[in-house]
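Below: one structure, written as structure tokens.
None of the figures in this text is laboratory data; all of them are computed from the coordinates on show. Predicted model, so just to flag it, every value in this text is computed and none were measured. Using ideal geometry, Cβ is built from the backbone for each residue, glycine included, and neighbour counts are taken over all protein chains shown.
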Amino acid sequence: MNQQADKIGKGVDGSVVLLYYLLVLTGVIAIFSVEYRFNENVLQSILELKKNYSRQILFVGVSSLVAVFILLVDSKFFAATANLLYLFGILLMLLTFVIGKDISGSRSWIALGAGFNLQPAELCKVFTSLALAKYLSRQETEFVLFKSQLIAFALTLGPAVLSIAQKETGLALVYFSFFLVLYREGLPATYLVTGFSLVILFVTAIVMSFTGYAILIGLAALVALYQLWRKIRRNLVLLGFIIVLAGLCIGFKYFVDFIVFDKIMKPYQAERVLNMFGKSYVPKDPDRIEQFEKEAAAGKKRDYTYNVRQSKIAIGSGGFWGKGFLKGVTTQGDFVPEQHTDFIFTAVAESFGFWGSTLLLALYLLLLLRIIRIAERQRSTFSRVYAYSVASILFFHVFINICMTIGLMPVIGITLPLLSYGGSSLVTFTILIFIMLRLDADRQMVLR
């Protein structure tokens, strides 16, 4: 028994474990503050699993058992089974299209019985991290080659495509966090510059009118022609490239307005994106125009920004010091939809105010910095890539969720790690973190 206990604790980074449980405990308290009502028998609710906070306590217990099990496993197991686990995750995601359960319009869940559900897309983040670490740690992988980069892209974006097919665009976005890992491992900065350029172009296309946007692109093309005139005189192909690129950028505006917002996005998604820039969604597709006119005539115009407005009210009402535990008017009044999951940050902000929110973000920052330090001290490429994957996923979740709740990003259904209610989310982050701790405990070992 003592030998087993020694094996669990030997070499494990205690600061990460402490931060993990501080965040988990904060999550249980926040979920409790959302659901608890005075004169409620808390003990009975916990024993009968009637409330979300009681089920979350169960998930914490299950996650702790999973953590102990992971710490008892040999580190070589994760390297040896990485590809098999990745295939298993992909198969689970494909299985949702056959036996999946529809929850909130997303067919991405598998019913486990007794009211519990599994979301394979969450679990697949772990398997993708392992598979990417396995691939990049192979001796024959030359990441400077485009072929190797393409395989790495396929590994990371495969689950993202399936997530989009399941209508889980939020989870799909998280898989792009692996590009930070690839950049750390030698991916040329050209890819990141191109990606950021497209984002800037997309935002510009949203906020500007077609005329203003076309003039801006035209001016940019003229500046490029002026700066590169000597090279253009020697190579007319460059002139053609600038003209074609300017034309494509102008065409991108049409693509955003008429394809992205009217064909690809649903009305509520388009409204949430445009609302970030102070704009409202006005459909241009004849079918959608007719649908909107019928809804307006029937008095059924839907408010797609209600969640964010209520979220801002809850955060603002907390002020600097907060309303106090179980004293939040917005939280106790059930005004914020999905407050125990995607909008759990609002419960912390209203109850404990600016100082409590800052302390929570400080815990996340400390955890991220500690994980990066762990990543950098690894001898094995496998362990380093995996640790950076954990840091990138955690960063994306925290950044997007917080921005979502304060209206800086559209509501896309991303949980706040270790705080939001949900077994799939909590167990996934537990597995992610504790596999990293297991690998770190054996950091003197070189894994492939």
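The figures follow:
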{"quantity": "Length-normalised contact order of the chain in % [C-alpha pairs under 8 Å, at least 6 apart]", "calculated": "26"}
{"quantity": "Span-rule helices in the chain, defined as complete DSSP H runs reaching 18 Å or more along the axis (Cα) with Kyte mean at least 0.0", "calculated": "14-35, 52-72, 82-99, 120-136, 146-165, 189-207, 210-227, 236-254, 344-376, 381-405, 423-441"}
{"quantity": "Long pairs among LYS147/LYS167; LYS279/LYS323; LYS125/LYS147, criterion Cα-Cα beyond 27 Å", "calculated": "LYS147/LYS167; LYS279/LYS323"}
{"quantity": "Fully extended contour minus Cα-Cα distance, from PHE320 to SER280, at 0.36 nm per residue", "calculated": "11.2 nm"}
{"quantity": "Qualifying aspartates and glutamates (Cα of each under 20 Å from Cα of LYS134; at least 8 residues distant if same chain)", "calculated": "ASP74, GLU122, GLU142, GLU185, GLU376, ASP440, ASP442"}
{"quantity": "Proxy reagent accessibility, fewest Cβ within 10 Å first, across ARG373, ARG230, ARG288, ARG138", "calculated": "ARG230, ARG138, ARG373, ARG288"}
{"quantity": "FRET efficiency for ILE57 and THR194, using Cβ-Cβ distance with R0 set to 51 Å, rounded to 0.05", "calculated": "0.65"}
{"quantity": "Packing-based exposure ordering (other Cβ within 10 Å, fewest first) of LYS323, LYS76", "calculated": "LYS76, LYS323"}
{"quantity": "P(r) of the chain over all Cα-Cα pairs, binned every 20 Å from zero, in whole percent", "calculated": "21, 52, 24, 2, 0"}
{"quantity": "Relative contact order (percent, whole number), the stretch 321-448, Cα cutoff 8 Å, 6+ residue spacing", "calculated": "27"}
{"quantity": "The stretch 73-112 - Kirkwood radius from inverse mean 1/r over Cα pairs (Å)", "calculated": "11.6"}
{"quantity": "Ranked SER392, SER148, criterion: other C-beta atoms within 10 Å, fewest first", "calculated": "SER148, SER392"}
{"quantity": "The stretch 104-240, relative contact order in percent, only Cα pairs under 8 angstrom and at least six apart counted", "calculated": "17"}
